[in-house]
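The values are calculated or read from the model by the stated rules, or taken from the named source; none is laboratory data. Just so you know, these numbers come straight off a predicted model, no measurement behind them. As a convention, Cβ positions derive from the backbone with ideal geometry for all residues, glycine included, and neighbour counts pool all protein chains shown. Note: accessible area is taken over every heavy atom of the protein model, side chains too, but ligands, DNA and RNA are not part of it. Shrake-Rupley method; radii C 1.70, N 1.55, O 1.52, S 1.80 Å.
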Amino acid sequence: MIETPQHNREANEPSASRSSGFWQNLSGALTGHGERRLFSRRGANPEQVKAGRVFRRGDGNGRQETATVICLCEILGMTHVRYDLRIEKPGHRPFEDGPRVLGMKTFLEHFCDPVGS
């Protein structure tokens, strides 16, 4: 049998335990269950999401996305948000679209700034 660098590394290192730890840490960071959280919510929480509420998201370059919640609905046992979207960018006409639907978690990650109280 010809020995390759891959074969030698597998014999000398427990790569399975090292890689599983990496994936667990990455999964925890993405979902917020690990030591660090990559996607943090700043201001909104699920109790604030109700019909008629308005949420915003800015990209830092003048573009504003505004979501007006139409209603909450259950799809496959998960809460989803149905909303109208308005996109405003300096020097352009506003773009309006809707209704759109996102899962509650995704909606809160994207539109994390509630407007008003």
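Looking for whichever is without any contact (Cβ under 8 Å) to a residue 24 or more places away in the chain, in contact with a Gly (Cβ under 8 Å, 6 or more places away or on another chain) and aliphatic (A, V, I, L, M) here; the options are VAL69, VAL81, VAL54. Which one fits? None of the other options fit; the residue is VAL69. Keeping to region 56-111, report how many residues are of a type in the set (A, V, I, L, M, F, W, C), assigned to a strand (DSSP E or B), open to solvent by 40 Å² or more (accessible area, probe 1.4 Å) and closer than 23 Å to PRO46 by Cα. The number of residues fulfilling the criteria is 7.
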